[in-house]
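**Student:** Dropping a structure here in structure tokens format, bear with me for questions.
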Amino acid sequence: MCNLIFSIIKKHDFSIDYKSLYDLYTPIIGSDATNLYINLSNEYDKLLQIGIKFTDANSFLTSLNINDERFLEIRNMLEAIGLIKTYVDQNEPDNYYFELISPLSFEKFIDNQKYRHLLLNKIDQAGYEKLEYLYSNNVIPENLVNISASFEQVFNNQNQLKEIYQFNFERLYSALIADSHQTIILSTKVKQIIESFFSSYNLSTNDIQYCVHQSIVKNDNNEFTVDENLLQLNLKKFVNFSKNVNVFEQAKVNRNSQMFLEQIKEEEIEDVFNSYRNFNSEQYYSIIKKTPLTPEEIEIIQTLRTTYKIDDSLINLMIDYSLLKTRGILNKKYITKMAQTANNLNLLTLVNMYRYLITKHPAPKIKKVEKKPAEFSVGETKVIDFSDVKDSDMPKLPDWFFEK
């Protein structure tokens, strides 16, 4: 890198979470890349303090005992994992700029399926479960009551915000009456379905009005009402065949891996179930991956749907659970066995399958991991084994769980 100079860019909100850097990134990129990243940050602070914009590349690398070839290799690592961006001045080709990017939090890091897969390959399942435990939120004692002010309580007078984030049922009522010249009854369940699709997709009021209008029926009392099942079907059809690509670009799913590991609130489970119901399985998995499905993945889903006659909502549940069990990869053999079990035991609803999974097949237990003494400076690390935990020690399931 003779005659090259470089400058370092840090945005105003830049910060290094060293815990995340060492726990999440170092197993993938190696300690040399991590040290280079930290030294670039320190170099920025030095340049800022003495008022110099550029530093000599050769002097910098010599101080780190890194040659040009090794520098290029580990710089590529940092770029690929999203910790730095490299720019070159078109007018001055020997002038480089390195922009430092803050490490992701644990939640955002594992949301990236590629990063999560790489991490699992480096630290194995037991190591990954230790990280999940370390980064999990502290459990709130049962005797504590949440008295925090809600967003609506504080900003209730911000009518413009309410229109943006909440579905406007008054506008829908007015449009339906103007269109049909009849009073249309919307049940609580119908409103929940509408709100669920509204929050999951980038649908306009006109889009939802169209689907609602197609779902109006006359009941035994000669009243015009919206059929729940028909509405859900029409909304799914509209989304599936919509030509508006932005619908899927802005689609959101509610996921919560903790529902397979510990007791969570009923409303949180229902939010996840609504996402399972709102998307077909190709959409659901591609939104999770944030990339198009491979032909093999599409074939797995089609096999579950056509050969095993599994509903898409149930397939989505199986996808979430199998990804947790098989290191973030859609394993055909594993998920096919789940489908066979679902049919053999008649577990063909979300609630029944979920009950079965968390009672008969809890998430993998943490196993003991042998570590070489040379890897630790002091003592020996031991991993807790939960194999002796009794059923009586497990958290109590809510009453709704046992309802038929």
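**Student:** In whole angstrom, and with the biggest value first, how far do the Cα coordinates of the range 29-130 range along each principal axis?
**Tutor:** 46, 27, 25
**Student:** Would you list M77, M318 from the most to the least accessible area, probe 1.4 Å?
**Tutor:** Working: M77 80, M318 0 Å².
From most exposed to least exposed: M77, M318.
**Student:** Sticking with this structure for a sec: Quote the accessible area belonging to H117 in square angstrom, nearest 10, computed with a 1.4 Å probe and with ligands, DNA and RNA left uncounted.
**Tutor:** Per-residue accessible area (H117): approximately 60 Å².
**Student:** Follow-up question, since we're still on this one. Given contacts defined as C-alpha pairs under 8 Å and at least six residues apart, what's the relative contact order of the range 84-132, whole-number percent?
**Tutor:** Numbers: 28 pairs, mean separation 10.5, N = 49.
It rounds to 22 percent for the range 84-132.
**Student:** Exactly which trypsin sites (Lys or Arg not before Pro) in the range 281-350 are in a DSSP loop and have at most 10 other Cβ atoms within 10 Å?
**Tutor:** Values: sites: K289, K290, R305, K309, K325, R327, K332, K333, K337; in loops: K290, K309, R327.
Loop-located and lightly packed - K290.
**Student:** In whole Hz, what ³J(HN,Hα) sequence does the range 106-113 give by Karplus (6.51, -1.76, 1.60; θ = phi - 60°), x for Gly and Pro?
**Tutor:** 4, 4, 6, 5, 6, 5, 7, 4
**Student:** Set the Förster distance to 25 Å, then compute FRET efficiency between E195 and L233 from the Cβ-Cβ distance, nearest 0.05. Kindly include the intermediate steps, with their values, before the conclusion.
**Tutor:** On the way: r = 17 Å, r/R0 = 0.69.
Approximately 0.90, to the nearest 0.05.
The values are calculated or read from the model by the stated rules, or taken from the named source; none is laboratory data. Given the structure is predicted, the values throughout are model-derived calculations rather than measurements. FYI the Cβ positions are ideal-geometry reconstructions off the backbone, even for glycines, and counts take in every protein chain you see. In case anyone asks, the SASA skips ligands and DNA or RNA and just uses the protein heavy atoms, side chains included. Shrake-Rupley method; radii C 1.70, N 1.55, O 1.52, S 1.80 Å.
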